[in-house]
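Take a look at the structure below.
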Amino acid sequence: MSNKMWGGRFASGPDAIMEEINASIDFDRHLYRQDIQASKAHAAMLAQQGIITADDASKISQGLDTILSEIESGKLEFRRALEDIHMNVESRLSELVGPAAGRLHTARSRNDQVATDFRLWMRASVDALDLALADYQKALAEKAFAHAGTVMPGFTHLQTAQPVTFGHHLLAYVEMAARDRGRFKDARLRANESPLGAAALAGTGFPIDREMTALALGFDRPMANSIDAVSDRDFVLEALAAASITAMHLSRFAEEIVIWTSPLAGLVKLSDKFTTGSSIMPQKRNPDAAELVRAKTGRIVGALTALLIVMKGLPLAYAKDMQEDKEGAMDAIHALSLCIAAMAGMVRDLEPDKARMRAAAGDGYSTATDLADWLVRELKLPFREAHHITGRIVASASEKNLLLHEMPLAAMQAIEPRITEAVRAGLSVDNSVKGRVSQGGTAPDNVRREAERWLKLLK
Ligand code: ARG
């Protein structure tokens, strides 16, 4: 049997493998809500413009409502022979309301239909991601406030660099998430225009009202060019680019959780809620959730790369290649929302081991910069010279197996005679972080203020 939606000029049906490669219903079924919503808007507009009768429009609209509830209750069986969500819905509509169903596709094509549906879907997804990211930020800011004064080692090159506060470190991720949200917001702004009414590519001779359907669907305006409207998938790419950067940020944090919870570091503990055991080693507590966040970044970036490659060789306007935009994107958005929720959960769950953090913060001569700064401030030395003197003091301390603040005054004076006992106060990790009051710096007072600012913003 040839396809009853488009099979007029076909004598026979498709080969089995043709049907297999062509069908998109397995994934575009997720667009059913948007497809029905857009069809209802289209039918209402056709009636208002006198293109179909009010009676047909109301039959169509009621039929679409029935289909919505059939799909939602799992009663409608999708058929691969009908290719995609658009034809599955339309076919069911004709079973329900008869010939009126055949009028719904007036002045419309699946090309503008799918572009409309997917823009609506992406808009809803981006909105949901924004809420999830805000919750993640809130979890971070709350934890940061609670640990504004908790000292930890700050790293560069993953080598102990300078003491920082745990709250400060967490607030770094709040800032990243804010920019991630900004990227999604920006992507949403450009995505929120209506392709509906572009028809196949050239527009239509029917007196349609594109403003009306755009407004009904919550778009800011109709897209200006019908060829562009059916051909571009930059709205998917932008969302995937934003998703990739977000996932990269989450993955870095996940990697830190993996490092921090390793017994080698032992800086942070996750509870049973966010760890798993080993089937052979009874003592293990594995940070699987963090590892999976790190790993899922791969499929998210993969979806972006795949679609860029799908799109880069396509002449205008629509080509069936573009059907490949949905599966990866839907998978990526789903993966990202899992990752955000898991990270928010881990942030709420994790507890730093304050004693270990403090001890680690003092390792590796982490307050050497504070010593150099003291020499600059008190002895008016040029920083370069102070750096050199401090280096010699560190070497001497290391030889003696002492931490900086444990160095006898005489040993320091052997290198720089003008050093006084007053230097010692600045060499403790607590005083080190307390002193870093520059804007954006790690001082507990700064962190408390910043955490409060964020918590107020996120309310
Ligand atoms: N399932 C198709 C897609 O996702 C719908 C558009 C089909 N258009 C066409 N001219 N065959 O792209």
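The values are calculated or read from the model by the stated rules, or taken from the named source; none is laboratory data. These numbers were taken from a predicted model, which means no experiment stands behind them. Positions of Cβ are backbone-derived with ideal geometry, glycine not excepted, and every protein chain shown enters the neighbour counts. Each accessible area value is taken on the protein alone, full model and side chains, heavy atoms only, with ligands, DNA and RNA left out. Shrake-Rupley method; radii C 1.70, N 1.55, O 1.52, S 1.80 Å.
Considering every residue within segment 6-14, establish whether at least one is within 14 Å of the ligand (Cβ to nearest atom) and open to solvent by less than 20 Å² (accessible area, probe 1.4 Å).
yes
Only one residue in 362, 313 is in contact (Cβ under 8 Å) with a residue 60 or more places away in the chain, at negative phi and away from the ligand (no atom under 16 Å from the Cβ), so which one is that?
When all the criteria are applied, what remains is 362.
Residues that are open to solvent by 60 Å² or more (accessible area, probe 1.4 Å), closer than 19 Å to residue 133 by Cα and of a type outside the set (Val, Ile, Thr): find the helices (runs of 4 or more DSSP H) completely inside segment 150-266 holding 1 or more of those.
So the answer is 166-191, 234-261.
Looking at segment 298-310, which of the residues that are open to solvent by less than 70 Å² (accessible area, probe 1.4 Å) and more than 24 Å from residue 112 (Cα to Cα) is farthest from the ligand (Cβ to nearest atom)?
298
Take the residues of segment 15-52 that are surrounded by 17 or more Cβ atoms within 10 Å (Cβ to Cβ) and more than 22 Å from residue 71 (Cβ to Cβ): which is farthest from the ligand (Cβ to nearest atom)?
47
In segment 411-459, how many residues are within 14 Å of residue 370 (Cα to Cα), out of contact with any Asp or Glu (no Cβ under 8 Å at 6 or more places or on another chain), not basic (Lys, Arg) and not in a loop (DSSP other than H, G, I, E, B)?
Residues that pass the stated criteria total 4.
Going residue by residue through segment 272-286, is there one that turns out to be assigned to a helix (DSSP H, G or I) and among the polar types (S, T, N, Q)?
Scanning segment 272-286 turns up no residue that is assigned to a helix (DSSP H, G or I) and among the polar types (S, T, N, Q).
Which pairs do you get when a residue that is closer than 14 Å to residue 82 by Cβ and modelled with pLDDT of 95 or more, found in segment 17-33, comes within reach of a residue that is within 9 Å of the ligand (Cβ to nearest atom) and open to solvent by 90 Å² or more (accessible area, probe 1.4 Å), reach meaning Cβ atoms under 9 angstrom, with the pair 6+ apart or on two chains?
As it stands, the answer is 24/324, since those pairs meet every condition given.
Would you check which residues across segment 115-129 are open to solvent by 50 Å² or more (accessible area, probe 1.4 Å) and either of a type outside the set (A, V, I, L, M, F, W, C) or outside any helix (DSSP H, G or I) (or both) and list them?
We begin by selecting, within segment 115-129, every residue open to solvent by 50 Å² or more (accessible area, probe 1.4 Å); these are 124, 127-128.
Of everything in segment 115-129, just one residue is open to solvent by 50 Å² or more (accessible area, probe 1.4 Å) and either of a type outside the set (A, V, I, L, M, F, W, C) or outside any helix (DSSP H, G or I) (or both), namely 127.
Give me the residue from segment 311-356 that is charged (D, E, K, R) and open to solvent by less than 20 Å² (accessible area, probe 1.4 Å) and, out of that set, farthest from residue 289 (Cα to Cα). Show your work before the answer.
Kept after step one, since they are charged (D, E, K, R), are these residues of segment 311-356: 312, 320-321, 324-327, 331, 348-349, 351, 353-354, 356.
Filter once more, keeping what is open to solvent by less than 20 Å² (accessible area, probe 1.4 Å): 325-326.
Details: 325: 28, 326: 26 Å.
By that ranking, first place goes to 325.
Can you work out which of the residues in segment 79-120 that are touching a residue at least 12 places away in the same chain (Cβ under 8 Å) and among the polar types (S, T, N, Q) is farthest from the ligand (Cβ to nearest atom)?
106
Does segment 326-333 contain any residue that is away from the ligand (no atom under 16 Å from the Cβ) and more than 25 Å from residue 154 (Cβ to Cβ)?
Kept after step one, since they are away from the ligand (no atom under 16 Å from the Cβ), are these residues of segment 326-333: 332-333.
Cutting the leftovers down to more than 25 Å from residue 154 (Cβ to Cβ) gives us 332-333.
Yes; the residues of segment 326-333 include at least one that is away from the ligand (no atom under 16 Å from the Cβ) and more than 25 Å from residue 154 (Cβ to Cβ).
How many residues are aliphatic (A, V, I, L, M) and open to solvent by 20 Å² or more (accessible area, probe 1.4 Å) when one looks only at segment 369-384? Don't jump to the end; show me each part of the working.
Residues of segment 369-384 aliphatic (A, V, I, L, M): 371-372, 375-376, 379, 381.
Subset that is open to solvent by 20 Å² or more (accessible area, probe 1.4 Å): 376, 379.
So the count comes out to 2.
Testing residue 136 on (1) among the hydroxyl-bearing types (Ser, Thr, Tyr); (2) surrounded by 23 or more Cβ atoms within 10 Å (Cβ to Cβ); (3) not in a helix (DSSP H, G or I), one condition comes back false. Which one is that?
Condition not satisfied by residue 136: (3).
Condition test on residue 182, is it among the small types (Gly, Ala, Ser), touching a His at 6+ places or on another chain (Cβ under 7 Å) and either within 28 Å of residue 146 (Cα to Cα) or free of Cβ contacts under 8 Å to residues at least 60 places away in the same chain (or both)?
no
Can you name the residue in segment 6-16 that is part of a loop (DSSP other than H, G, I, E, B) and of a type outside the set (Ser, Thr, Tyr) and is also modelled with the highest pLDDT among such residues?
Top of the filtered list is 15.
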